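Everything on this sheet refers to the single structure shown next.
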Amino acid sequence: MLITISILAVTIIMFVIGKIRADVVALCSLTLLIFLGILTPSEALAGFSSPVIIMMVGLFVVGGAILQTGLAKAASQKIMKMAGNNDTRMFLMVILVTAVIGAFVSNTGTVALMMPIVVSLATQSKKNVSTLLMPLAFASSMGGMLTLIGTPPNLVIDEALREQGFQGLSFFSFFPVGVVCLIVGIAVMLPLSRLFLQKKHQKAERRGKTLEQLVNEYRIVHDVEAFRVDDRSGVVGLSIADLNLRVKYGINIVEIRTDVSKHKGLIRNVTQDLPSLKRKLEAGDILYLQGDKKAIDTFVMQMSLYRIEGAEMEFFDLGVAEIVVMPQSRLVGTLLRDSRFREQYNVNILGIKRGKDYITDQLPEEKLHAGDTLLIQGKWEDINRIDTEEDDWVLLGQPQEMAAHVTLDYKAPLAAFIMLMMVAAMVFDFIPIAPVTAVMAAGLLMVVSGCFRSVDAAYKTINWESIVLIAAMMPMATALEKTGASALLSHSLVSGLGSMSPIILLCGVYFTTSLLTMFISNTATAVLMAPIAMSAATEMGLSPYPFLFAVTLGASMCFASPFSTPPNALVMHAGNYSFSDYVKVGLPLQIIMGIVMTFVLPLLFPF
């Protein structure tokens with residue numbers, strides 16, 4: 001027992017110091033428990049196969065899809081519209097929306113759904129995301145106290161009451177308690193988050209120019225127009241080679257796009273291709289033409305194409321980037337038409353920046369100079385390849401990072417539908433699907449339906465540090481239970497306070513549960529403490545309701561540690577938080593919440 005407690009104490013100290021990554025510290029503790037024979041390998045590794053961990057992985061993927069498809073941006077814009085530019089109003093909107101969702105969806109699922117929205121909200125409003133993410137995690141736990149299904153400990157105490165012959169709790173028995181939690185939470189979190197989290201800064205991303213900035217800088221948006229091909233168009237069935245546009249008209253096709261919608265727009269597929277010589281045009285194709293306006297108008301009139309007003313260049317499959325021609329490059333002095341960019345690398349040249357001048361007309365006849373900056377267009381993998389295969393130029397920016405920031409907004413309706421189906425499966429009991437299965441299915445559907453650019457992009461959304469941290473710390477609960485440390489602590493504290501007043505006993509139950517939850521999952525703590533609280537109340541001839549509510553509150557309102565609940569761990573990396581940040585904001589909130597609820601619970605549920 002002493003060895004287990006010592007390992008736990010050292011682990012907590014290392015978390016507080018923060019010199020070593022939290023997941024590495026947790027793995028060291030886990031390994032030590034195995035070496036000392038306290039846990040068997042299967043017990044130690046059980047956390048990595050826990051449904052909670054699998055659920056967290058899936059929710060990271062779902063949250064990533066919400067961000068990748070622009071759904072998060074759309075939702076955050078609505079919150080911004082309601083909140084205006086007022087920091088306090090925005091803070092309240094985030095807390096209240098999160099709490100309402102948390103009343104019906106698990107707190108882990110709530111945070112995973114809201115986190116990309118809040119990150120997008122902070123980015124668009126130029127606010128510090130660190131002041132919102134930790135309150136977001138805490139609000140999800142508070143929201144769980146509004147309904148019976150909000151958090152597992154609520155179900156645990158309901159079952160404990162029914163087993164002992166007491167009347168069970170209704171769906172909204174928790175609502176008054178949850179409202180008090182929210183009021184206290186907002187009152188405490190608002191000043192503390194501004195005081196202690198305001199100085200936290202995200203690492204600046206080295207992204208260079210955005211895609212939109214590049215297009216505007218070269219004035220491509222003014223030089224490129226979009227036209228639709230229909231059944232009566234003269235280009236149907238002709239190949240790009242047959243058209244020979246560059247020779248006949250002096251214009252260039254920079255992109256061919258197809259846009260197919262099914263089931264009233266829910267499933268929409270957009271593909272972007274560079275024009276290959278063999279590519280035959282079909283009805284429904286959208287051609288993006290670059291060149292002289294009069295020449296384009298002549299071609300369009302002859303071929304009966306239809307102008308698409310307000311069409312913009314988008315970057316789903318195709319992207320743009322800049323390359324700088326080096327002085328020693330073989331391309332110096334070469335006409336652009338002889339550079340063979342299209343043949344060798346499958347990229348277009350959309351413009352040339354030479355000094356302060358931007359050249360977009362008659363590009364094939366331009367000679368390349370040392371120091372020229374070329375705006376290239378192509379598939380993201382081709383742009384990335386052009387950087388690795390040549391020494392004649394330098395690619396500016398990071399194509400992979402730029403591609404990751406491109407939202408696949410035409411997939412937003414599909415992502416929203418998948419997310420809603422997942423939430424419905426988690427909320428309604430009549431749907432015979434376990435929550436972890438619903439999350440796994442949703443994550444998989446997000447990938448196979450194209451809500452991510454690639455499978456690798458989906459994997460990159462998973463915060464493995466948080467996953468390993470929680471999975472490695474979960475077996476600590478088993479170690480504490482096997483060695484008797486949990487039972488000894490809970491029994492001794494409650495029995496020592498049993499002779500005092502009911503208020504003191506209630507306070508003891510609350511804070512004992514709260515303390516255990518810092519090291520054991522909240523559900524396990526509730527299971528452990530519920531019968532003890534029930535026994536203590538029965539022995540003193542008191543109603544068990546306030547004591548069991550103290551158990552579920554103590555198990556759920558644990559904010560002083562990043563690994564006490566999955567929501568706390570989920571936001572740790574994104575918010576750039578350290579262990580001490582949770583102590584500064586979460587510990588005062590946890591203590592104040594306990595003191596307030598000690599006096600409120602007897603008013604709602606008399607002794």
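Read-outs: derived from the displayed coordinates by stated rules, not from any lab. This is a predicted model, so every value here is computed, not measured. Note that each Cβ is placed from the backbone with ideal geometry, even for glycine, and that neighbours are counted across all protein chains shown.
Evaluate the Debye formula for segment 510-582 with equal point scatterers sitting on the alpha carbons, no solvent, and hand back log10 of I(q)/I(0) at q = 0.14, 0.15 Å⁻¹, in q order, two decimals.
Per q value, in the given order, log10 I(q)/I(0) is -0.46, -0.51.
Mind checking the full-extension length gain between Leu587 and Ser449? Use 0.36 nm per residue of separation minus the Cα-Cα distance, one decimal, nm.
Going from the current span to full extension adds 45.4 nm.
Given a Förster radius of 51 Å and the C-beta distance between Gln344 and Ser580 as r, what FRET efficiency does 1/(1 + (r/R0)^6) yield to the nearest 0.05?
Step by step, r from the Cβ atoms, then E = 0.40.
Mind giving me the FRET efficiency for Glu465 and Met301? R0 is 45 Å, r the Cβ-Cβ distance, nearest 0.05 is fine.
0.15
What's the FRET efficiency of Glu539 with Thr31 using the Cβ-Cβ distance as r and R₀ = 51 Å, to the nearest 0.05?
Efficiency for this residue pair is about 0.75.
Taking segment 1-159, how much of its Cα-Cα pair set, in percent, is spaced more than 23 angstrom apart?
So the pairs more than 23 Å apart make up 53 percent of the total in segment 1-159.
For Asp230 and Ala187, compute 0.36 nm times the residue count separating them, minus their Cα-Cα distance, and round to one decimal in nm.
Roughly 9.4 nm would be gained on extension.
Contour minus end-to-end for Lys19 and Val394, with contour as 0.36 nm per residue of separation and end-to-end as the Cα-Cα distance?
Stretched fully, the Lys19-Val394 segment lengthens by 131.2 nm.
Packing-wise, with mean Cβ within 10 Å as the measure, how do 460-473, 366-379 rank, highest first?
The packing order, highest mean first, is 460-473, 366-379.
Quick one: if you stick a label point 7 Å off each Cα along the C-beta vector at Ile359 and Arg219, how many nm between them?
Reported label-point gap for Ile359 and Arg219 is 1.5 nm.
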